[in-house]
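Please read the structure below before turning to the comments.
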Amino acid sequence: MKYEIVIGLEVHTQLTTNTKIFCGCSTAFGQAPNTQTCPVCLGLPGALPVLNRQAVEFAIRAGLATHCQIAPRSIFARKNYFYPDLPKGYQISQYELPVCEHGHLDVELEDGRSKRIGITRIHMEEDAGKLVHGESAESSGSSFVDLNRACTPLLEIVSEPDMRSADEAIAYLKMLHQIVVYTGISDGNMEEGNFRCDANVSLRPFGQKEFGTRAELKNINSFRFIKQAIEYEVERQADLLDSGGRVVQETRLFDSNTGMTRSMRGKEEAHDYRYFPDPDLVPLVIDEAWIEAVRGSLPELPEVKRRRFIDQLGLPVYDAEVLTADRAVADYFDACVVIAGDAKTCANWVMGEVLRKLKESEATIVDAPVTPERLCGLLARIADSTVSGKIAKTVFEKMWQAGQTADDIIEAEGLKQVTDSGAIESIVDEILAANSAQVEQYRGGQEKVFGFFVGQVMKASKGKANPQMVNELLKNKLKG
């Protein structure tokens, strides 16, 4: 393609405060329509907003985690537009003086490159309500307004137009999503609309400095759909330019059923919203002491944790990426390493057995019946040869089902590994005597038969024989 792709992203993430940004109404999801409202979020005359302090603290957290400058003074503004789900006829947001500016994220791309994506600004604002279309067969032609979401606290995180492909955009979004979840400012639930993205896409001939005309792809709430929408939009604009047409600045919607974007409306500019400072809210002043207090409360961020797992614990890059994808999983693994000490063994069990069971049960690691302490108890029994690695997996399954310790299950089920060399030798002798033909095959050079003997001994011992001892005894006896 002869065009350079230019992508900038605007991400809205809902904050995990218990109450709304300018009133005391609950932010709980899924409640009956219009049951979490008050005169402030309904926009009734005379009702005055009061800023939620925790929302401000979450904004500071986001800014620090993305290397932004935190403004000592910021202003709330009214963004004026009409829509049925906006009861006041304006949205309280920030415009000229946002709370955070001039940040960046360094993202790792699939080809091994690292790229810095600039962050223009992060500002606080309130969400609008929600239009519900066709609630029932009787009202299929009607729309209803649910204002439970109105006044819910949001952060809008605006990137620089630094991304040059859909893959770069997804890498940036995934890192940003990790950060908002790690820092605890949002649950990042994309299905509930708590992390959603608008993508600004334009094309320009290679070598041209001026940006092309952009189209905004609105409110996309999955990484897969964002990638599809950007790729379709790039193809649409390229075809349009190749045919001598002109890209129109507009807002477009992505249809996940067709994989296509379609025009929604002409793209508004800032002057269309007639921004002006909100007269009901005083300027927000954040002193250095508050910033430093928030900085001190930040958890270890995902990229720092990933580097620690690789550089200090010696894990492969793949293991580190899997284990840090979810903060709760990373914390679980860290707890295991503290107890057991062997990082690679812990990683193998967490990535293998623990994550497998979580996927099967559609649970989160917080609900795992096998705690780090209990998993490490099992690993200790492998290390001291009480059970073999194979039997340990059986013990793990029973631990998951019964919520018991490894020691309890090993004792109750009689699963202790047989390490008595005399007992194992007796089984080996019986197996060799019963399979003389295979013995001759092995001694004749067919070494693959050795696996047959190992399998027969383990079967006879019901899996309890120490595998290392079995191998050594078989090798010695088959020499003759």
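The values are calculated or read from the model by the stated rules, or taken from the named source; none is laboratory data. Quick caveat, the model's predicted, so the values are computed rather than measured. Neighbour counts run over all protein chains shown; Cβ positions are idealised from the backbone, glycine included.
Assorted remarks:
- Hits in region 202-218 (condition: in contact with a Phe, Trp or Tyr (Cβ under 9 Å, 6 or more places away or on another chain) and surrounded by 15 or more Cβ atoms within 10 Å (Cβ to Cβ)): SER202, LEU203, ARG204, GLY212, LEU217, LYS218
- Pairs with Cβ under 6 Å, 6+ apart, first in region 205-219 and touching a residue at least 24 places away in the same chain (Cβ under 8 Å) and assigned to a strand (DSSP E or B), second surrounded by fewer than 19 Cβ atoms within 10 Å (Cβ to Cβ) and among the β-branched types (Val, Ile, Thr): GLU216/THR251; LYS218/THR251
- Residue under evaluation VAL370, criteria (1) β-branched (Val, Ile, Thr); (2) modelled with pLDDT under 90; (3) closer than 15 Å to ALA340 by Cβ, criterion not met: (2)
Here is a yes/no grid of residues against (1) within 18 Å of PHE76 (Cα to Cα); (2) without any contact (Cβ under 8 Å) to a residue 24 or more places away in the chain; (3) assigned to a loop (DSSP other than H, G, I, E, B); (4) not acidic (Asp, Glu):
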position: THR258; (1), (2), (3), (4): no, yes, yes, yes
position: ARG262; (1), (2), (3), (4): no, yes, no, yes
position: HIS271; (1), (2), (3), (4): yes, yes, no, yes
position: LEU281; (1), (2), (3), (4): yes, no, yes, yes
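- Residue selected from region 76-85 under the condition in contact (Cβ under 8 Å) with a residue 12 or more places away in the chain and surrounded by fewer than 20 Cβ atoms within 10 Å (Cβ to Cβ), by the criterion farthest from ASP287 (Cα to Cα): PRO84
- Within region 130-148, tally of residues that are touching a Ser or Thr at 6+ places or on another chain (Cβ under 9 Å) and either in contact (Cβ under 8 Å) with a residue 40 or more places away in the chain or outside the structural domain of ARG204 (by TED's automatic domain parsing) (or both): 4
- Hey, VAL132 surrounded by 15 or more Cβ atoms within 10 Å (Cβ to Cβ), modelled with pLDDT under 95 and among the aliphatic types (A, V, I, L, M) or not: no
- Residues that are crowded, with 23+ Cβ neighbours inside 10 Å, among the small types (Gly, Ala, Ser) and in a helix (DSSP H, G or I) within region 155-187 comprise just one, ALA169.
- Sole residue being touching a Leu at 6+ places or on another chain (Cβ under 8 Å), under 24 Å from ASP146 (Cβ atoms) and touching a residue at least 12 places away in the same chain (Cβ under 8 Å), chosen from ALA55, ALA59: ALA55
- Scanning region 8-33 for residues that are part of a loop (DSSP other than H, G, I, E, B) and either modelled with pLDDT under 95 or within 22 Å of the chain's Cα centre (by Cα) (or both) returns LEU15, THR16, THR17, ASN18, THR27, ALA28, PHE29, GLY30, GLN31, ALA32, PRO33.
- Whichever residue in region 346-393 is of a type in the set (S, T, N, Q) and part of a helix (DSSP H, G or I) and, among such residues, is farthest from GLU321 (Cα to Cα): SER361
- Scanning region 321-343 for residues being among the charged types (D, E, K, R) and either surrounded by fewer than 18 Cβ atoms within 10 Å (Cβ to Cβ) or assigned by TED's automatic domain parsing to the domain that holds GLU110 (or both) gives a total of 3.
- Scanning region 86-117 for residues that are free of Cβ contacts under 8 Å to residues at least 12 places away in the same chain and among the acidic types (Asp, Glu) turns up just one, ASP111.
- Among the residues making up region 219-235, those that are surrounded by 18 or more Cβ atoms within 10 Å (Cβ to Cβ) and under 11 Å from VAL201 (Cα atoms) are ALA229, ILE230, TYR232, GLU233, VAL234.
- All strands (runs of 3 or more DSSP E) inside region 85-138 with 2 or more residues being touching a strand residue (DSSP E or B) at 6+ places or on another chain (Cβ under 8 Å) and farther than 14 Å from THR152 by Cα: 100-108, 114-126, 130-133
- The residues of region 236-269 that are loosely packed, with under 12 Cβ neighbours inside 10 Å and either more than 16 Å from ARG204 (Cβ to Cβ) or not assigned by TED's automatic domain parsing to the domain that holds TYR81 (or both), listed by number, are SER243, GLY244, ASN257, THR258, ARG262, SER263, ARG265, GLY266, GLU269.
- PRO277 in contact with a strand residue (DSSP E or B) (Cβ under 9 Å, 6 or more places away or on another chain), under 29 Å from SER93 (Cα atoms) and surrounded by 12 or more Cβ atoms within 10 Å (Cβ to Cβ): yes
- Among the candidates LYS20, LYS2, the residue that is of a type in the set (Lys, Arg), loosely packed, with under 15 Cβ neighbours inside 10 Å, over 18 Å from VAL181 (Cα atoms) and in contact (Cβ under 8 Å) with a residue 40 or more places away in the chain is uniquely LYS2.
- Picking from residues in region 385-421 that are acidic (Asp, Glu) and modelled with pLDDT of 85 or more, the one that is farthest from PRO467 (Cα to Cα) is ASP408.
- Considering (1) farther than 30 Å from PRO372 by Cα; (2) surrounded by 15 or more Cβ atoms within 10 Å (Cβ to Cβ); (3) aliphatic (A, V, I, L, M), the lone condition that VAL285 does not fulfil carries the number (2).
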